[in-house]
Amino acid sequence: MKKPGLPIVLAIGLGWQGQAGLWAQDAAPRYVVREVKPDSQAESEVSLSRPVALVCNESRLFVLDMDDADIKVYSRSGEFERVIGRKGQGPGEFHLPSGLDILGGKMYVADSANRRVQVIDMEGKYLSGFRVPFPPHRVLALAPDRLVVMSLPAGREGREKVLHGYDGAGQPLWEAVDSYFSGDSVYDLMRNRWFILKAGGGEFFLVRGADDRAVRRLDKEGALLSEVEVTAKYPFQEIEIQGREGRKRTLRAFSWNCASDGDRLFLLVPEGTEDGDLGPGRKIVLIGPSGEIAAEIDLPERLSRIAFSGKTIFGIDLDARLRVFELVPR
């Protein structure tokens with residue numbers, strides 16, 4: 001086997017003439033953002049409890065809410081439209097869902113506490129699903145018959161595989177990438193925070209959240225195609241983790257959240273807090289194909305989740321609100 005808030009959108013006018021043109025620039029351009037107000041303001045329509053994933057298609061934005069166990073649907077302009085799903089164990093119901101992807105008019109949900117992956121249509125109708133032997137953390141649909149499901153090992157059972165390939169019927173195809181294991185479950189959980197994101201050509205990026213600045217690209221069979229080291233100019237953030245038996249360990253945080261758009265990869269840089277903790281930051285970095293910083297986007301406040309589509313960023317702030325900004329050159 002091998003909280004309440006106003007739905008907004010980050011509208012980014014990068015003026016790119018194609019990704020090659022941007023990456024070819026000698027110095028990484030920097031941008032700031034200007035807030036854009038939505039056409040209609042309907043604060044009372046919906047609130048987000050614990051948004052954990054953002055996904056776009058050509059016409060809508062989908063926000064997976066872990067605590068509410070549903071998917072909240074917005075127009076591309078940020079206006080709330082409807083809710084899909086509810087808490088439960090039946091078809092089309094979720095319990096602590098943690099991952100979401102869209103492909104070919106279908107949504108794929110990592111239904112974590114129910115230990116399964118569910119497939120529903122864009123209106124929420126249950127289509128299919130399958131069980132997995134671990135709580136699925138993230139899911140990517142690279143093709144109808146190639147799904148990548150990622151686990152989040154806590155280090156309690158030794159070294160485990162992080163990536164699991166399945167066909168469309170839920171048959172296991174391959175496993176790849178060993179988890180980090182030190183015997184300290186608190187530290188190991190932080191070290192095993194990975195991100196999987198679609199790349200062009202049916203491939204995907206693999207990015208580690210801490211202690212590793214490599215960006216890896218894999219094919220739909222889980223085989224490593226390339227690996228590049230992100231430049232040392234990238235701003236790591238260090239934090240002390242209180243582990244077992246009072247032992248402190250240093251964690252070098254690399255990315256709080258990631259987004260991709262074709263072959264473009266964006267990293268949300270972590271930021272230290274006043275109380276010495278770590279949280280999401282106010283900077284997004286576009287990583288070039290050789291690991292260079294190709295562009296920097298400075299935000300007026302912290303975002304915890306981001307998603308890109310063309311020249312638009314969808315983001316969630318620390319009050320669990322969707323926000324909108326227009327990009328302007330610094």
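Readers should treat all values here as calculations from the given coordinates under stated rules, not as data from a laboratory. Remember, it's a predicted structure, so these values are computed and weren't measured experimentally. Cβ placement follows ideal geometry from the backbone for every residue including glycine, while neighbour counts extend to all protein chains displayed.
Data for the structure
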{"item": "Charged-residue dipole, Cβ positions (Lys, Arg, Asp, Glu), the chain about Cα centre, Debye nearest 20", "result": "300 debye"}
{"item": "Value of D in µm² per second that Stokes-Einstein yields for the range 57-193, Kirkwood Rh from Cα pairs, at 10 °C (1.306 mPa s)", "result": "103 µm²/s"}
{"item": "Cα-Cα over 29 Å, subset of Lys125/Lys311; Lys72/Lys311; Lys87/Lys248; Lys72/Lys198; Lys106/Lys311; Lys198/Lys248", "result": "Lys125/Lys311; Lys87/Lys248; Lys198/Lys248"}
{"item": "Equivalent-ellipsoid semi-axes of the range 10-329, from the Cα gyration tensor, Å, largest first", "result": "27, 26, 21"}
{"item": "Beta bridge orientation in the range 10-329: antiparallel %, DSSP, nearest 5", "result": "95 percent"}
{"item": "17 Å Cα-Cα reach of Lys233 towards aspartates and glutamates, excluding residues that sit fewer than 8 places from it in its own chain", "result": "Asp26, Asp211, Asp212, Glu271, Glu292, Glu296, Asp298"}
{"item": "Computed [θ] at 222 nm, helices only, for the chain once each DSSP H run of length n ≥ 4 contributes -39500 (n - 2.57)", "result": "-1000 deg cm²/dmol"}
{"item": "C-alpha center-to-center spacing [the range 74-92, the range 207-267] in angstrom", "result": "30 Å"}
